[in-house]
Protein chains: 2
Amino acid sequence: MKRCKILEIEIQNLKLSENLVVFEEQKQIPERESRKILSNDEPLIFVGGIPRSGTTLMRAILDAHPNVRCGGETMMIPNFLSWQASWRKSDWANNTGITRKVMDDAVSAFMMEIIAKHGEMADRLCNKDPYTALWLPTLQRLYPNSKFILMIRDARAIIHSMIERKVPVVGYNISDEKQMFRNWNTEIRKMTTQCMMAGGNCLKVYYERLIQRPKDEIERICQFLDIEFDERMLKHEEFIGVEVALSSQEFSASQVKNSINNEPLTSWFDCFDMELLSKLDRLAPFLKLLGYDTESDKPSYDYFASDDFFEFRSVYS
Amino acid sequence: MKRCKILEIEIQNLKLSENLVVFEEQKQIPERESRKILSNDEPLIFVGGIPRSGTTLMRAILDAHPNVRCGGETMMIPNFLSWQASWRKSDWANNTGITRKVMDDAVSAFMMEIIAKHGEMADRLCNKDPYTALWLPTLQRLYPNSKFILMIRDARAIIHSMIERKVPVVGYNISDEKQMFRNWNTEIRKMTTQCMMAGGNCLKVYYERLIQRPKDEIERICQFLDIEFDERMLKHEEFIGVEVALSSQEFSASQVKNSINNEPLTSWFDCFDMELLSKLDRLAPFLKLLGYDTESDKPSYDYFASDDFFEFRSVYS
């Protein structure tokens, strides 16, 4: 009798257990919506900016963090964003039933699969493609918990780098430097405006400050991203290989093998005509607006390393 | 003792029951992969072919079936298939980590969301975009349970329709009829080859037989699709509105409001130069290969309505 009692209790426990799900007459109905993908609530990290602005360094630093994975540029995502935008016309939407919501669902699924699967899984997934910086409103709408890091750098250093390292960038005609500065201005204006509109979800990071005050900047970035600072982020070059996976197709792969250093600040010195440099405020007004010294052909970058860098800023900088 | 035995057996049954899932230490962890989309195992139906081949009629007939929903052309899906194909290069894949599998996952998610959500849900989802007929291997790989209906029609009727109804089709230059026949030939050759390679998953449907022997053809199509024949499929025009949703952007929306009729068979008669018609076997060899009479400028279509239409066929027809 005692044993039966014990068994009865066991049966009751099995039936009542929270850990137990009992299906009444469960048939073998396979669920149609059985494909699971990451939710759009994922707190994705996007890194962007004009190419040659330190975006690869930024993602290498993030990759050195144990819980973050960016991986290399997909190159495809900005192109996809342009492609999908070209289909969003209201008459087509009304006629095909492909409303903004339907497009958003399809577009967000596509990009999430790419971001999630082109590298290792991690607690915090990250994507670095420079020109995602022209699509902030879309990215924010699709992924409301995502955050964006916009890299800013001196246009003179950027353009010198494109020419010197022969990095082809759509829209930048390396045989026409004035055009390059004008184009930089058009793009950075759009990027900074979108970043401003994204409010607390977008952080501007000046390359010149990141490389001169790495610990402070990286701590600031970690706070923005809501991740714990990790010492490994100061030594990304020691983690090349697994943590920081590099691809030979990335233009900055070779440079990011080096530790953070100041040489890239001044490598553009003596590389532009004085005539061109004197016209910068007209060709590229954003350079000054962002806080760069356009008066000198060999400006100091101490300002970006100063303690009160964040205090006296124009609305764009 | 006997009772204990019974209880022991009950416990065993509870634990072994198929109806039971016991979770060990189930915690309340919100799942990251919490977004559910339709599985790629969905038995999708694709309708395609050269434009003006009766693809809209075919989808209207399918839409009249209570369990099937095609809806109108998305126009975007073939364009998306081309776009995604342009990114599949092995060196890029190796360098970005975006392997064929990753691309397949992202591409299939995108299209499934569009197909599933641009119209009402149904047991059998269907998509009609003529040029999906150039992407059969991809569609079969992404959706292994999908089936394809390839519409075939007399090139003379097709080209006459493009010109007469002023339907712009990329690749068909309406001021150069010879070019149009050559282009038709290039496309139909590719489509029929892909259809053949897809074996039992692709069905060729001759428009000329569909409109002359609708009940037989529709029953044959239902068998291919593994759906029950439904009388409403013979009277699609009575279901315009809800079941058969038309959009003003679809070129054949106006014609599909009419019941199935034979007028479209001969509307091209007297519309081409005899000189052009005499060169068809050279311009468009597939026309004859597919079983059309290229000798006459007013051919009979009785052959397509005959009982033994499926018996004496060349390997392409």
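The values are calculated or read from the model by the stated rules, or taken from the named source; none is laboratory data. Just so we're clear, the structure is a prediction, and the values are computed from it rather than from any experiment. Cβ coordinates were reconstructed from backbone atoms using ideal geometry, including for glycine residues, and neighbour counts include every protein chain displayed. Note: areas computed on protein heavy atoms with side chains; ligands, DNA, RNA excluded. Shrake-Rupley method; radii C 1.70, N 1.55, O 1.52, S 1.80 Å.
Based on Cα positions only, what radius of gyration and what Dmax would you give for region B:175-317, in angstroms?
Every Cα atom of region B:175-317 included, Rg and Dmax give 16.9, 47 Å.
Rounded to whole Hz and in sequence order, give me ³J(HN,Hα) for region A:118-129 from the Karplus expression 6.51 cos²θ - 1.76 cosθ + 1.60, θ = phi - 60°, writing x for Gly and Pro.
The phi angles translate into 7, x, 5, 5, 8, 4, 10, 8, 9, 9, 10, 9 Hz.
Please work out the C-alpha center-to-center distance from region B:235-299 to region A:147-220 and express it in whole Å.
When both Cα centres are located, 56 Å separates them.
Rounded to the nearest 500, what is the 222 nm mean residue ellipticity of chain A from helices alone, with -39500 (n - 2.57) per DSSP H run of 4+ residues and division by all residues?
-12500 deg cm²/dmol
If you count the DSSP beta bridges with both ends in chain A, what percent of them are antiparallel, to the nearest 5?
Of those bridges, close to 0 percent are antiparallel.
On each of the three principal axes of the Cα atoms of the protein assembly as shown, give max minus min coordinate, whole Å, ordered largest first.
Result, largest extent first: 98, 89, 39 Å.
Trypsin sites (Lys or Arg not before Pro) within region A:74-148: which are DSSP loop residues with at most 11 other Cβ atoms inside 10 Å?
Within region A:74-148, the qualifying trypsin sites (Lys or Arg not before Pro) (loop, at most 11 other Cβ atoms within 10 Å) are A:89.
With the Cα gyration tensor of region B:45-304 in hand, give its eigenvalues times 5 under a square root as the equivalent ellipsoid semi-axes, listed largest first in whole angstrom.
30, 24, 16
Extent of region A:118-196 along each principal axis, from alpha carbon coordinates, in Å, largest to smallest?
Projected onto the principal axes, the Cα atoms of region A:118-196 cover 43, 29, 19 Å.
Going down the table (A:128/A:215; B:190/B:279; A:204/A:298; A:117/B:128), which pairs top 26 Å between alpha carbons?
Pairs exceeding 26 Å: A:117/B:128.
Which whole-number value in Å² is the accessible area per residue of chain A, probe 1.4 Å?
Accessible area per residue: 47 Å².
Describe numerically, in nm with one decimal, the distance between label points set 7 Å from Cα along Cα→Cβ at residue A:275 and at residue A:234.
That separation, rounded to one decimal, is 4.8 nm.
Nearest 100 Å², what total accessible surface is buried between chain B and chain A (probe 1.4 Å)?
It comes to approximately 5700 Å² buried between B and A.
Between the label point of residue A:175 and that of the same position in each other copy, find the distances and list them shortest first in nm, with every label point placed 7 Å from Cα along the Cα-to-C-beta direction.
Shortest to longest, the spacings are 3.3 nm.
For residue A:83, what accessible surface area do you get with a 1.4 Å probe? Give it in Å², rounded to 10.
Spelled out: residue A:83, probe radius 1.4 Å, area about 20 Å².
Can you list the distances in nanometres, one decimal and ascending, from the residue B:274 label point to the identical position in each other copy, with the point 7 Å along Cα to Cβ?
For residue B:274, the other copies' label points sit at 8.5 nm, shortest first.
Between residue B:178 and residue B:123, what length comes free when the chain is fully extended (0.36 nm per residue of separation minus the Cα-Cα distance, one decimal in nm)?
Additional length available on full extension: 15.4 nm.
For A:37-44, what's the mean count of beta carbons from other chains sitting within 10 Å of each residue's beta carbon?
Per residue, the number of nearby Cβ atoms from other chains is 4 on average.
Report the extension gain between residue A:300 and residue A:170 in nm, rounded to one decimal, defined as 0.36 nm multiplied by the number of residues separating them, less their alpha carbon distance.
Working it through step by step, the gained length comes to 43.8 nm.
Could you check which residue among A:68, A:167, A:47 shows the biggest mean-square fluctuation in a GNM of chain A with a 10 Å Cα cutoff?
A:167
Suppose the chain between residue A:249 and residue A:89 were pulled fully straight at 0.36 nm per residue; how much longer would it get relative to their current alpha carbon spacing?
54.1 nm
Compute the Cα gyration tensor for region B:43-166, then decide on rounded, prolate or oblate, letting a ≥ b ≥ c be the square roots of its eigenvalues: rounded whenever a/c is under 1.5, prolate when a/b is larger than b/c in the other cases, and oblate in all that remain.
Oblate is the answer for region B:43-166, as a/c is 1.5 or above yet b/c matches or exceeds a/b.
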